[in-house]
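Structure first, commentary second.
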Amino acid sequence: MPGGKEKRLEEKIRELILDNGGEIVGFSDIRGYEVAGYEALDTGIAYGVRLSEAIVSQIDRGPTHEYFHHYRTVNRLIDDIGLKVAVLLQRSGYRALPVAASQSINSKAAGAYEGLFSHRMAATLGGLGWIGKNNSLIHPVFGPGLRLGTVLTNAPLKVAQPITASQCGDCSLCVDACPALALSGMDWEAGIPREMILDARACSEHMKHHYQHIGRGAVCGICLAACPYGRT
Ligand code: SF4
Ligand code: SF4
């Protein structure tokens, strides 16, 4: 950069994500949670794209066609952003693994209904929010109205202070709203297994049996729409 200071890699990544539709970015130390086969990638780049409030606010007793389409469109954007970040990192001399926006890998290591790496964990470790009683990331400003992406890398990025405790307090609106009784109501803290908060099978079975007419039962969103955080 003639006459100026070379931008730090963190700044370049943040700009790339925000310029391409991301809303929040956090850098996290994921040591202890590395993906098997990718042990050298010990830093996470967590980011989120905001969902349309207009669409989410229409979810009441079940998902809408608009929500299903929006969900898939935002997932595509998440994947596009992840790929662009990975290209930038690779051009800068580092390795990068963009984690799929939404992909369940049923393996012994990952467990059922889980992806290669938890976007929510990358986000809490990156200081972006806490896990709500609805098992979503709750950002203090945008609430659960974001979909998340993660890129794992070996680039030496300056990482954030993790968030380790819930701020849901006495609220249980999402728990009460879940028609599958899939949410236990337990307060999240760093390290507790997802099963303590969410019965993933009950959630999935409910969606499959009740929302076949919308996205073949792959989305719901009731517990997301119930949350007061992020509402304007
Ligand atoms: S997505 Fe629907 S079924 Fe699943 S936990 Fe939330 S409200 Fe319950
Ligand atoms: S609805 Fe209430 S309990 Fe559920 S995630 Fe939001 S703040 Fe937490």
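The values are calculated or read from the model by the stated rules, or taken from the named source; none is laboratory data. Since the model is a prediction, treat every value here as computed from it, not as a measurement. Glycine gets a Cβ as well: all are built from the backbone with ideal geometry, and neighbour counts include every protein chain shown. In case anyone asks, the SASA skips ligands and DNA or RNA and just uses the protein heavy atoms, side chains included. Shrake-Rupley method; radii C 1.70, N 1.55, O 1.52, S 1.80 Å.
Details
- Estimated distance in nm for a label pair at residue 83 and residue 210, the labels positioned 7 Å out from Cα along Cα-to-Cβ: 3.6 nm
- Across the protein chains, with a 1.4 Å probe defining accessible surface, the residues 133, 158, 12 rank 158, 12, 133 from largest area downward.
- Modelled label reach - residue 18, point 7 Å along Cα→Cβ, the stretch 159-197 residues with backbone N closer than 11 Å: none
- Length gained on full extension, residue 190 to residue 36, computed as 0.36 nm times the residue gap minus the Cα-Cα distance: 53.3 nm.
- Note on residue 65 and residue 171: with the Förster distance fixed at 35 Å, the Cβ-Cβ geometry gives a FRET efficiency of about 0.75.
- Selection among 193, 68, 182 by position relative to the dipole of the chain gives 68 as farthest towards the positive end (Cβ unit charges, Cα centre).
- Accessible-area value, residue 74, 1.4 Å probe, nucleic acids and ligands omitted, Å²: 10 Å²
- Under a Gaussian network description of the chain, with springs only between Cα atoms under 10 Å, the residue in 32, 145, 82 that fluctuates furthest is 32.
- Cα Rg, Dmax, the stretch 9-225, angstrom units: 16.8, 49
- A cysteine counts as unpartnered when no other cysteine's C-beta lies under 4.7 Å of its own; in the chain this applies to 168, 171, 178, 203, 220, 227.
- Size of electric dipole in the stretch 9-225: Cβ of Lys, Arg +1 and of Asp, Glu -1, about Cα centre, debye, nearest 20: 500 debye
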